[in-house]
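Chemist: Would you mind keeping the following structure in view while I ask a few things?
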Amino acid sequence: MDMNAYLSMFIDESNDHLQSLNENLLKLENSPEDISIVQTIFRSAHTLKGMSATMGFEDLASLTHEMENVLDLVRNDKLKMDSFIFDTLFKGLDALEAMVQDIIGGGTGKADVTAIVASLQKIFHNDYQSNADNASEGNVPAQVQSASSGVVLLDQFQSSILQQAIGSGQQPYYIRITLDDTCVLKAARAYMVFDLLERTSEIVKSEPSVQDLEQEKFDRSFTVFVISSLPQEGLSEQISRISEIKEAIVTPLDEESLIAMTTAPAAAASEAVAVAEPAKAETKEVKAAQEKKAEPAKSKSGAAPAAVATRTIRVDIDRLDLLMNLFSELLIDRVRLEQLASEIKRNELTETVEHMTRVSSDLQNIVLKLRMVPVDSVFNRFPRMIRDLAKSLDKKMELVITGADTELDRTVIDEIGDPLVHLLRNSVDHGLETPEERLAVGKPETGTIHLRAFHSGNNVFIEVEEDGRGINQERVLKTAIKNGVITEEEANRLTSDEINMLIFAPGFSTADKISDISGRGVGLDVVKTKITSLGGNVTIHSVQGQGTKFSVQLPLTLSIIAAMLIQLGSEKYAVPLSSIVETGVIKRESILNVHGNSMIQFRESIIPLISLSKVLESPDFDESAEEETEIIVIRKGDKWAAVMVDEFIGQSEIVLKSLGGFLSHIPAISGATILGDGYVALIIDPNALIK
C-alpha cells in the first residue's frame, strides 16, 4: 500500500487534531473538573495515534500513546490535573507539532522526546511531584539517566533483545561513562570505549548515537546498553583502565527495569482503523461516558434524529487560483457582451446576455467564497502562545479576541500569521508591565491585550492593542538620532505618530536588554516589510502610560469586486463600492476653508474634501472652473472624507489586475482593470486617501 498517496490527508488531519488538542487543553486548564473536555481531548489523541501508526510515524504514535495513557487516568477519575501535568501535555503537543512540521518539510518525523516521555510515564505511574525535578522514573534505576538528565528509553526491539539475553543466561548492563574535564579528543576516547566493549560484549544501544559521538556532539558523558558475560566489577574495571575516563558506572538490568524503560509499542492494526473510522475506534468506556453525558434529543415520534454527516472536501489552493483566473477572464467577456448588446439592441441577444449575467453573478459569489477563510484559523493559535508567555515572564494577562469570524483571502491568511505573532510577543514582553508595576500606577494587575479584526471597505483591519506602558517617544527620538536613522533637525519636525513609526526602522531598538521573546523594534522592520509585500500597511497609536495599538490594514486581494466607475478628465477610474457611503453633488460656494484645508458639511459633521485630480496629478481636469462638482463620500473606520470627481459613469463588476512595480509611488492606486470597451481603468484605494 502506497502511503505517500495519503500523506497530504494525514498532514491536514494531524494539524486539525493538534489545533483541537491545544484549544481543548486551554479550556480544560480553566475548567479542570470538566470530564467532557477530557473525553474530547482523549478522542483527538487516540485518532492521531492511530493515524500516525498507520502512516509509519512511530515516534508520533509512541508519544501520543503516552499522552493518551495520562488522559485515560484523568477521564476515569484516577488522576487529578495539576500545573505539572498541563505543562507536560503542552510540551508533548509542541513536540508533536514539530514532528508534523518535519514531515511537511520532507523529513521522517523523528525526534528525541525522551525527556517528555519520561515525564509522562512519571505521571502515569503517579511517581512525581509538581516540581518533578528530582522524581525518579518508576522502576528504572536512578543511575539510568542520559547525559541531559532525562531517562534513557529503549524501543520494543532493543528491549526484547536485552530480555532474551537474560533468558539465555547473559547479563544486560547499562553503562554511563564520564570523561575527564581536561579530555581534548573526546571522540577518540569514545572510540576506545566502544572498541573495548565490542571485544567483550554486544552493544545494543548508545546515547548519543555512534555518529554523534564520532562528531563529538556530546558534552562529557555518554551511555551504552550492552549484553555481556563479564561480571559487573570486571566490566567497570576494564573501562576505567582507559586513560582520561573519569568515571564508569555499570548498572545490571533486570526484566522489570527493562519493561519500565521501554517506549510504547507501535499501535496495533486495530488502531489504524481510526484513520478512516475514528468513531469505531473509540473504546467502550468513551462511548458509555458520551451516552451518559448527553442523551440524544428525540423527535416527536420518540426516535433519535439521524446524525448529519459533514460533507466537505479539501481542495488544492492552486486549483482555486486557476478557477479564479478563468472566471476573471469570463467576467471581462461578459462585460464586453453587455456593452455590445446595448449597442446592437436585439431582444434575443439582450435576453441571453441578461440570463448569462444572472448565472455568472451566482457563480462569482461561489468562487469568491471558496477562497475566503475566517481569520480565526490564525487567531486560534494565540491563546496558547499568550498562556506560555505569561508563565515564562511571570506576568498576568488576558487576551480578548473579537471579530475572529472576519473573512480574508486564503493567500493573505497564510502570510499574516508570523507578523501578528511578533506584534503580540512584542506587546506582551515590552508593552505590558509586571503585576507589581501595574498595581503601583493604579492599574489592575492583569494586563489586557485586544486582538481585533474587522472589515472596512475592500480591506480588513487587524488591531493589536494593550494597556501597558506605551512608547517613550523621547527615548525613541534619542535612539533614532544616535543610530543615524534621522537627524536632530528632522526629529524636530516629526509628529507624534511619525515618531512612533520610527520603531519600524531596520535594527531599531530601545530595549536595555534583548530578550529571546522580543525587543521593541527588533524585527519590527521585518513585520512592516511583510505586511507591505501583501499590499497592506501598518500604523501605531500610543499614549505613554496607557498603552499601544498596532493597526494592520490588509487588502482582501479578491480578483473580482463591485466598483463605481468615474471620469476624471479623459481618464476613467474605478472606486470599490464597498468603500463608498454615498454619492452627491456640491456647489463650489458650500466648500469651507479650515486652517487652509477644504472641508464640507456632511450629516451635521464637518469632513475633509479631497481633490482626486491633485492626488493623481491629473493635468486635463480643472475642478476649480466648475460651479458644482460631483463627490463620493468614503469611510475608513470612524473617519470620513469626500472625494471630488468629474462625473459618474455607473456601477460594474471589475477584475482586479496587479500593476507590479508600475505606479508604486502613488499610494492611491491599488491596481487596474479592463473595461468592457477594452480600455484600462486604474483602481482607487479609498483607504489611502484618508490620513
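The values are calculated or read from the model by the stated rules, or taken from the named source; none is laboratory data. If you're wondering where the values come from, they're calculated on a predicted model, not measured in any experiment. We place every Cβ from the backbone using ideal geometry, glycine too, and count neighbours over all the protein chains shown.
Chemist: Can Ser579 be described as of a type outside the set (A, V, I, L, M, F, W, C), out of contact with any strand residue (DSSP E or B) (no Cβ under 6 Å at 6 or more places or on another chain) and at pLDDT below 85?
Modeler: No: the conditions fail for Ser579.
Chemist: Find the residue count for the range 575-616, including only residues that are on the phi < 0 side of the Ramachandran plot and outside any strand (DSSP E or B).
Modeler: The qualifying residues number 12.
Chemist: On to the next question. Taking the range 576-600 as the region of interest, how many residues are surrounded by 13 or more Cβ atoms within 10 Å (Cβ to Cβ), of a type in the set (S, T, N, Q) and farther than 22 Å from Asn459 by Cα?
Modeler: Result for the range 576-600: 1.
Chemist: Restricting attention to the range 217-239, which residues are under 18 Å from Leu185 (Cα atoms), assigned to a strand (DSSP E or B) and not β-branched (Val, Ile, Thr)? Break it down stepwise before answering.
Modeler: Narrowing the range 217-239 to residues under 18 Å from Leu185 (Cα atoms): 217-223, 239.
Subsequent filtering for residues that are assigned to a strand (DSSP E or B) retains 221-223.
The answer is Ser221, Phe222.
Chemist: Follow-up. Could you please find all residues in the range 403-422 being β-branched (Val, Ile, Thr) and surrounded by fewer than 18 Cβ atoms within 10 Å (Cβ to Cβ)? Reasoning before the result, please.
Modeler: Residues of the range 403-422 that are β-branched (Val, Ile, Thr), as a first pass: 406, 411-413, 416, 421.
Of everything in the range 403-422, those that are β-branched (Val, Ile, Thr) and surrounded by fewer than 18 Cβ atoms within 10 Å (Cβ to Cβ) turn out to be Thr411, Val421.
Chemist: What's the number of the only condition in (1) free of Cβ contacts under 8 Å to residues at least 60 places away in the same chain; (2) surrounded by fewer than 21 Cβ atoms within 10 Å (Cβ to Cβ) that Asp59 fails to meet?
Modeler: Only one criterion is unmet by Asp59, namely (2).
Chemist: Of everything in the range 371-423, what is among the aliphatic types (A, V, I, L, M) and touching a strand residue (DSSP E or B) at 6+ places or on another chain (Cβ under 6 Å)? Give them in sequence order. Give the derivation first.
Modeler: Quick first cut of the range 371-423, residues among the aliphatic types (A, V, I, L, M) only: 372-373, 375, 378, 385-386, 389-390, 393, 397, 399-401, 404, 408, 412-413, 416, 420-421, 423.
Hits for the range 371-423 are Met372, Val375, Ile386, Ala390, Met397, Leu399, Val400, Ile401, Leu408, Val412, Ile413, Leu423.
Chemist: Another question, then. Does Leu235 fit the bill of being touching a residue at least 24 places away in the same chain (Cβ under 8 Å) and among the hydrophobic types (A, V, I, L, M, F, W, C)? Don't jump to the end; show me each part of the working.
Modeler: Values: touching a residue at least 24 places away in the same chain (Cβ under 8 Å): yes; among the hydrophobic types (A, V, I, L, M, F, W, C): yes.
So Leu235 fits the description; yes.
Chemist: Glu398 is checked against (1) in a helix (DSSP H, G or I); (2) under 30 Å from Asp94 (Cα atoms); (3) of a type in the set (Asp, Glu) and fails just one. What number does that condition carry?
Modeler: In the conditions (1) in a helix (DSSP H, G or I); (2) under 30 Å from Asp94 (Cα atoms); (3) of a type in the set (Asp, Glu), Glu398 misses (1) alone.
Chemist: Could I ask something else about it? Looking at the structure I just gave you, is Glu407 more than 20 Å from Ile561 (Cβ to Cβ), outside the structural domain of Glu23 (by TED's automatic domain parsing) and at pLDDT 85 or above? Break it down stepwise before answering.
Modeler: Working: more than 20 Å from Ile561 (Cβ to Cβ): no; outside the structural domain of Glu23 (by TED's automatic domain parsing): yes; at pLDDT 85 or above: yes.
No.
Chemist: Name the residues in the range 529-554 that are out of contact with any strand residue (DSSP E or B) (no Cβ under 7 Å at 6 or more places or on another chain) and modelled with pLDDT of 85 or more, would you?
Modeler: Within the range 529-554, the first condition is being out of contact with any strand residue (DSSP E or B) (no Cβ under 7 Å at 6 or more places or on another chain), and the residues that meet it are 529-530, 532-533, 543-546.
Of everything in the range 529-554, those that are out of contact with any strand residue (DSSP E or B) (no Cβ under 7 Å at 6 or more places or on another chain) and modelled with pLDDT of 85 or more turn out to be Val543, Gln544, Gly545, Gln546.
Chemist: Additional query: Residues Ser206, Ser159, Ser168: which one is over 15 Å from Ile249 (Cα atoms), within 41 Å of the chain's Cα centre (by Cα) and either crowded, with 17+ Cβ neighbours inside 10 Å or at pLDDT below 80 (or both)?
Modeler: Values: Ser206 fails: over 15 Å from Ile249 (Cα atoms); Ser168 fails: within 41 Å of the chain's Cα centre (by Cα).
Criteria check complete, one pass: Ser159.
Chemist: So, one more: Among the residues of the range 23-42, what is the count of those that are buried (at least 22 other Cβ atoms within 10 Å of the Cβ) and more than 19 Å from Arg384 (Cα to Cα)?
Modeler: The number of residues fulfilling the criteria is 0.
Chemist: Still on this structure, please answer the following. Please work out if Val100 is of a type in the set (A, V, I, L, M, F, W, C) and at pLDDT 80 or above. Walk me through how you get there before you give the answer.
Modeler: On the way: of a type in the set (A, V, I, L, M, F, W, C): yes; at pLDDT 80 or above: yes.
Against the criterion (of a type in the set (A, V, I, L, M, F, W, C) and at pLDDT 80 or above), Val100 qualifies.
Chemist: Take the residues in the range 80-115 that are charged (D, E, K, R) and part of a helix (DSSP H, G or I), then tell me which one is farthest from the chain's Cα centre (by Cα). Walk me through it before giving the result.
Modeler: Keep residues of the range 80-115 that are charged (D, E, K, R), which gives 80, 82, 87, 91, 94, 97, 102, 110, 112.
Keeping just the survivors that are part of a helix (DSSP H, G or I) gives 87, 91, 94, 97, 102.
Details: Asp87: 20, Lys91: 17, Asp94: 13, Glu97: 12, Asp102: 16 Å.
Ranking the candidates gives Asp87 first.
Chemist: Yes or no: Asp77 of a type in the set (Asp, Glu), surrounded by fewer than 22 Cβ atoms within 10 Å (Cβ to Cβ) and part of a helix (DSSP H, G or I)? Working first, answer last.
Modeler: On the way: of a type in the set (Asp, Glu): yes; surrounded by fewer than 22 Cβ atoms within 10 Å (Cβ to Cβ): yes; part of a helix (DSSP H, G or I): no.
Against the criterion (of a type in the set (Asp, Glu), surrounded by fewer than 22 Cβ atoms within 10 Å (Cβ to Cβ) and part of a helix (DSSP H, G or I)), Asp77 does not qualify.
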